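The block underneath contains the structure these notes are about, expressed in structure tokens.
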Amino acid sequence: MKRLGPSCLWHVHRVAVIPLALKHKSESTNDMNTVRVRITAEELEAKRISEILERYFEDEGNPVTIYEASPDGKIWAAEILLFDMSPDDAAAKVRDRVGADAFAAPLEAEELPDINWVEKSLEGLKPVRAGRFIVHGGHDRDKVAPGAIGIEIEAALAFGTGHHGTTAGCLEEIDRLLSMRSFESILDLGTGTGVLAIAAALKARQPVLATDIDHIATTTALENARLNGAAHLVRGFTANGTEDRRFRLYGPFDLVIANILARPLMKMAKSISSNMTRSATLVLSGLRIEDGPRILFAYSCQGFVLARRREKNGWLTLTLVRGQAVC
Ligand code: SAH
């Protein structure tokens with residue numbers, strides 16, 4: 001089976017979400033497992049199935065992806081990862097959701113080998129350049145060129161090494177925006193390893209708030225901030241979205257960077273916007289190219305208009321600025 005472009009997206013997307021699963025593993029027993037459920041069909045049918053899967057599962061952190069599964073493009077596959085269940089239960093759960101919509105599409109459920117994808121993903125990774133930033137591991141500290149801003153990120157159970165198109169897209173945008181102007185109050189929502197918060201703090205030499213729904217990520221981000229000499233600039237706490245009262249202590253924000261996924265970002269449009277100033281800038285990522293229009297629509301209702309878009313390895317980063325609400 002030949003995997004085209006999205007296969008690499010698939011791998012990194014998996015890395016993005018596994019940390020939550022690993023967290024459960026470290027907190028409870030050792031029997032956490034990952035099951036991949038794959039449904040193959042013709043293109044339109046597979047796309048419809050993947051939308052159904054996204055609707056039901058993506059908010060819970062189960063990555064869904066779709067790719068061409070045959071070289072002639074006749075067969076497509078919609079795939080999802082489920083955690084902590086047997087392949088039979090995973091197949092039943094998916095069948096239950098897609099129901100009659102899956103028609104006769106073949107469905108396979110397979111348990112994946114127990115691999116620490118995060119550490120694996122960092123092993124041997126080369127430093128990444130994005131704008132003026134170079135994200136690197138401890139072993140490549142000496143590779144940061146003069147004039148570049150080095151960000152050292154160690155293997156950790158959180159997402160954000162700079163190798164993913166979404167992180168790199170955000171880093172480039174942070175570099176561009178902070179080279180052009182200054183901001184009063186910056187938020188990195190969904191901070192993961194803290195890479196974006198650290199980048200903004202080092203570039204602007206100003207405080208940045210870093211939050212994440214995952215406590216391990218928040219702790220990792222603060223630890224990485226310390227490692228990069230930015231402990232005094234990066235503040236953080238664990239929270240789901242921006243409803244938490246503590247945001248009011250730090251906001252309203254005139255720059256928010258949120259590299260999450262399309263669906264949660266759409267759901268949070270109102271809440272994120274309500275924590276932002278009237279003339280704020282918002283960088284959104286974690287988006288597939290086709291997510292652009294619905295994200296723009298959701299945020300246009302909050303008064304944002306598109307200022308810039310970047311595509312990187314099939315992922316989209318949007319920069320929005322607040323203007324007039326258009327709906
Ligand atoms: N900012 C990093 C990490 C992005 S991965 C980077 O650009 O590389 C997305 C992060 O968002 C994960 O750490 C995940 O735990 C977090 N996240 C997902 N849903 C969230 C929510 N509702 N509120 C806050 N953080 C969330």
Conditions (1) within 11 Å of the ligand (Cβ to nearest atom); (2) small (Gly, Ala, Ser); (3) closer than 26 Å to Leu202 by Cβ: number failed by Ser271: (3)
Counted residues, region 68-86 - those being modelled with pLDDT under 85, among the charged types (D, E, K, R) and more than 22 Å from Asn33 (Cα to Cα): 2
Residue list for region 242-268, restricted to those being away from the ligand (no atom under 13 Å from the Cβ) and under 19 Å from Cys301 (Cα atoms): Pro252, Phe253, Asp254, Leu255
Top-ranked residue of region 279-310 - restricted to ones that are away from the ligand (no atom under 16 Å from the Cβ) and among the charged types (D, E, K, R), ranked as nearest to Glu184 (Cα to Cα): Arg308
Any hit, region 164-178, residues being modelled with pLDDT under 90, in the same structural domain as Lys312 (by TED's automatic domain parsing), within 16 Å of the ligand (Cβ to nearest atom) and surrounded by 13 or more Cβ atoms within 10 Å (Cβ to Cβ): yes
Residue count for region 55-110, restricted to those that are without any contact (Cβ under 8 Å) to a residue 24 or more places away in the chain and in a loop (DSSP other than H, G, I, E, B): 2
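Looking only at region 317-327, count every residue that is at pLDDT below 95 and under 11 Å from Val283 (Cα atoms) and tell me the total.
0
Yes/no per residue for (1) in contact (Cβ under 8 Å) with a residue 24 or more places away in the chain; (2) within 18 Å of Lys203 (Cα to Cα); (3) among the aromatic types (Phe, Trp, Tyr):
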residue	(1), (2), (3)
Thr219	no, no, no
Pro252	yes, no, no
Asn275	yes, no, no
Arg278	yes, no, no
Leu282	yes, yes, no
Asp291	yes, no, no
Ala298	yes, no, no
Gln302	yes, no, no
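Residue by residue, here is whether (1) under 30 Å from Ser300 (Cβ atoms); (2) near the ligand (Cβ under 9 Å from one of its atoms) holds:
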site: Ala217; (1), (2): yes, yes
site: Arg226; (1), (2): no, no
site: Ala231; (1), (2): no, no
site: Thr277; (1), (2): yes, no
Index of the failed condition, Gly160 passing every other in (1) in contact with a helix residue (DSSP H, G or I) (Cβ under 6 Å, 6 or more places away or on another chain); (2) not in a loop (DSSP other than H, G, I, E, B); (3) not charged (D, E, K, R): (2)
Complete set of residues in region 196-240 that are in contact with a Ser or Thr (Cβ under 8 Å, 6 or more places away or on another chain) and of a type in the set (S, T, N, Q): Gln206, Thr211, Thr218, Thr220, Asn224, Thr238
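Considering only region 140-157, state which residues are in a loop (DSSP other than H, G, I, E, B), surrounded by fewer than 24 Cβ atoms within 10 Å (Cβ to Cβ) and either within 16 Å of the ligand (Cβ to nearest atom) or on the phi < 0 side of the Ramachandran plot (or both). Explain how you work it out, then say what you get.
Pass one, region 140-157, residues in a loop (DSSP other than H, G, I, E, B): 144-148, 153-157.
If we keep only those that are surrounded by fewer than 24 Cβ atoms within 10 Å (Cβ to Cβ) as well, we get 144-148, 154-157.
If the condition is that a residue be in a loop (DSSP other than H, G, I, E, B), surrounded by fewer than 24 Cβ atoms within 10 Å (Cβ to Cβ) and either within 16 Å of the ligand (Cβ to nearest atom) or on the phi < 0 side of the Ramachandran plot (or both), then Val144, Ala145, Pro146, Ala148, Glu154, Ala155, Ala156, Leu157 are the ones that fit.
The values are calculated or read from the model by the stated rules, or taken from the named source; none is laboratory data. Quick caveat, the model's predicted, so the values are computed rather than measured. Reconstructed Cβ throughout: ideal geometry from the backbone, glycine too, with neighbour counts over all protein chains shown.
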